[in-house]
């Protein structure tokens, strides 16, 4: 059972539930206590031990249901398509005995076999049975004995033997179906069917044999379906999410301006994830105040070395370092996508940088802080675009506006991020204002989505702006964005 | 582990019933959590919106087991000197002053510096011993010989550093004090630990890993009716139904802070005080401030009161 639990934990991990080895051990201890008799009880207990947020709990419950769902195995022969049409095309499904069709005895004259109590009812023959033939191969026996549980167990065992939980991409489904069938003893069954049919072809087989051959073929096909379903389920359990992870990795590296609208939702999710990680890393930064309540213990300890004279004082209160960020975004057509994600990033970080002020411009500068704080990113973005997105870019004008309205708020703790391509349409660059910002603020970071080679080509003014920045960087993918924001948090004091 | 009255926690059903007899109505998840926490000797981290009975669970558990409930209320800036222990500095200073005089007597007969020091050493570390230790909640909980319920309330309000301080306590039921050594809980009477969090910030993985995680959501109508009945037994049945339906509807609205169970109970008490027979829009408007705690929420809700009241009356 332990290995089942480990498999289950693996499935949970692919469903993005973080389970540590220690928690796995806890779960085992919990299993010993709870046992397997009460499914609901077990589920509740494991949920308490393994899933640690409300979202994880939800994922856990659906994962548990999927992982431990064996009831769905359909009883052989019970489903409709079989019983209706024994002469149907299912017979020729496999090449190696397609010739079996030559001599179809038809259902009517087949001797009804009452081999398994469960299968007899469904068989279409109502005639009395005089001979009962039992299949020889182990798999055949299993199939016709009609024991669902055994079949499921055997399938699960075969699945484990061929390591179906290693499945990665959907193209492997066929392969694993085949492998499981083989592991369950398909070959023996195949041989038996082959022999029976050969006899039939030669015309020397008695009716019960023909009938048995047909029943076995049906059962086999049915089994194949079941196995395929099983593999499908395993795929969803084990591989579906790793595909998603792959996609996320790709999206992180793709140029933001090339993103298609349908990917926005994914990207947004990634941004939130990245932001969460950054929050976790950086929320611990704090330094002690130089006032407030005296930390007696610390003070005494530290002053032992001065002969107990209270000389080097220590205080209790500490404060969290939080950077003050002003973010100026170009929202003209070419750059708007980058601005969107930068703003999304910054506002997802509200926990660690609560003081973000954001401005948008293409020519006139406008403050959009309130807009982003009060409404969803999508909506705020589209409203920003509507209000500020038109007109040709004019960086000079933007700097003038900034100087007139916001320069007083810039102090030596402020970090200013400017996102734009610095294409000024040959207007006045007003780099001297940026210089002033540079001197007043703690840091000026310029993020430019264009590659460095085109920074001074044409109407681009990076040549003038870059010297007045503490940092000027290319930034055109989520990975870049993450790096910039992380640096921002790291050096914030 | 064998705490007093532990048979009251022998199975999930038993826990449910016993809690009910102490007027705490719980669902299977909650009962399972308590069951596992006791038998696996693990702390429970309880999360959920404010007012769903997180703290109450710990208190009821203490009542049920007839153990003391040691409570540590977390807040920003809480540190080890408030949570674990503190030296009695005043006493230490006073004693040094007093003992200065007796020092001569102690050292009598000793010749030379070396001998004096040896003599002094015989007395050991008098000033950093248990006598000068002021135990705080966590240490107190470990010292309880009978075992106890330790409630660490609103752990999300404390700082990150404090979480790390808790880890040793939560995983091994012990605390290290540098001057004395490690203090361990009585292995047979470990405290049963409850941590509550309102999710104002993410609790670290290290802490979560050591705990069972229980999420208590708002109850459904049936459970809430039961709770109101248990807590405010004097309320008439039809009024109770109306009230619960109204609150349940209110929770589906877009509000800054939706009413929790504690508000439902307060409201039920208010209505009884006002000798209410049945809900009506006017009355609801006047008492809306019992269940809604923001002016803008009250304004939002007021527009819908008539509608909601009618619905509640119809369904009840």
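The values are calculated or read from the model by the stated rules, or taken from the named source; none is laboratory data. For clarity, every value in this text was computed on a predicted model and none was experimentally measured. Using ideal geometry, Cβ is built from the backbone for each residue, glycine included, and neighbour counts are taken over all protein chains shown.
Below are the figures for this structure:
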{"item": "Selection count where residues are away from chain A (no Cβ under 14 Å) and either in a helix (DSSP H, G or I) or within 20 Å of residue B:86 (Cβ to Cβ) (or both), scope region B:114-135", "result": "14"}
{"item": "Candidates B:199, B:186 - the one that is surrounded by fewer than 16 Cβ atoms within 10 Å (Cβ to Cβ), more than 14 Å from every other protein chain (Cβ to nearest Cβ) and assigned to a loop (DSSP other than H, G, I, E, B)", "result": "B:186"}
{"item": "Positions within region A:154-191 being outside any helix (DSSP H, G or I) and touching a helix residue (DSSP H, G or I) at 6+ places or on another chain (Cβ under 6 Å), in sequence order", "result": "A:162, A:167, A:184, A:185"}
{"item": "Residue identified as surrounded by 18 or more Cβ atoms within 10 Å (Cβ to Cβ), part of a strand (DSSP E or B) and more than 11 Å from chain A (Cβ to nearest Cβ) among B:243, B:175, B:214", "result": "B:175"}
{"item": "Filter result for residue A:48 (at the interface with another protein chain (Cβ under 8 Å from one of its Cβ atoms), part of a helix (DSSP H, G or I), buried (at least 16 other Cβ atoms within 10 Å of the Cβ) and touching a helix residue (DSSP H, G or I) at 6+ places or on another chain (Cβ under 6 Å))", "result": "yes"}
{"item": "Qualifying residues in region A:447-466 (those that are in contact (Cβ under 8 Å) with a residue 12 or more places away in the chain and part of a helix (DSSP H, G or I)) - the one farthest from the chain's Cα centre (by Cα)", "result": "A:464"}
{"item": "Residue in region B:263-274 that is touching a residue at least 40 places away in the same chain (Cβ under 8 Å) and over 20 Å from residue B:237 (Cβ atoms) present", "result": "yes"}
{"item": "Selection status of residue A:384, in a helix (DSSP H, G or I), out of contact with any helix residue (DSSP H, G or I) (no Cβ under 6 Å at 6 or more places or on another chain) and buried (at least 19 other Cβ atoms within 10 Å of the Cβ)", "result": "yes"}
{"item": "Extreme residue, farthest from the other protein chains (Cβ to nearest Cβ), among residues of region A:19-41 that are farther than 17 Å from residue B:42 by Cα and surrounded by 12 or more Cβ atoms within 10 Å (Cβ to Cβ)", "result": "A:38"}
{"item": "Yes/no for residue B:107 being over 18 Å from the mean Cα position of the chain (by Cα) and either without any contact (Cβ under 8 Å) to a residue 12 or more places away in the chain or assigned by TED's automatic domain parsing to the domain that holds residue B:173 (or both)", "result": "no"}
{"item": "From the options B:227, B:235, residue that is in contact with a helix residue (DSSP H, G or I) (Cβ under 9 Å, 6 or more places away or on another chain), part of a helix (DSSP H, G or I) and not assigned by TED's automatic domain parsing to the domain that holds residue B:27", "result": "B:227"}
{"item": "Residue that is nearest to the other protein chains (Cβ to nearest Cβ), among those in region B:136-167 that are closer than 27 Å to residue B:6 by Cα and surrounded by fewer than 16 Cβ atoms within 10 Å (Cβ to Cβ)", "result": "B:167"}
{"item": "Restricting region A:419-446 to residues that are assigned to a strand (DSSP E or B) and in contact with a helix residue (DSSP H, G or I) (Cβ under 8 Å, 6 or more places away or on another chain), the residue that is nearest to residue A:339 (Cα to Cα)", "result": "A:419"}
{"item": "Within region A:347-379, tally of residues that are surrounded by fewer than 22 Cβ atoms within 10 Å (Cβ to Cβ) and part of a helix (DSSP H, G or I)", "result": "10"}
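Residue by residue, here is whether (1) modelled with pLDDT under 75; (2) surrounded by 14 or more Cβ atoms within 10 Å (Cβ to Cβ); (3) assigned by TED's automatic domain parsing to the domain that holds residue A:399 holds:
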{"residue": "A:279", "(1), (2), (3)": "yes, yes, yes"}
{"residue": "A:296", "(1), (2), (3)": "no, yes, no"}
{"residue": "A:299", "(1), (2), (3)": "no, yes, no"}
{"residue": "A:308", "(1), (2), (3)": "yes, no, no"}
{"residue": "A:313", "(1), (2), (3)": "no, no, no"}
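Each row is one residue, and each column tells you yes or no for (1) buried (at least 21 other Cβ atoms within 10 Å of the Cβ); (2) at pLDDT 80 or above.
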| site | (1), (2) |
| --- | --- |
| A:115 | yes, no |
| A:122 | no, no |
| A:129 | no, no |
| A:136 | no, no |
| A:141 | no, no |
| A:159 | yes, yes |
| A:164 | yes, no |
| A:172 | no, no |
| A:186 | no, yes |
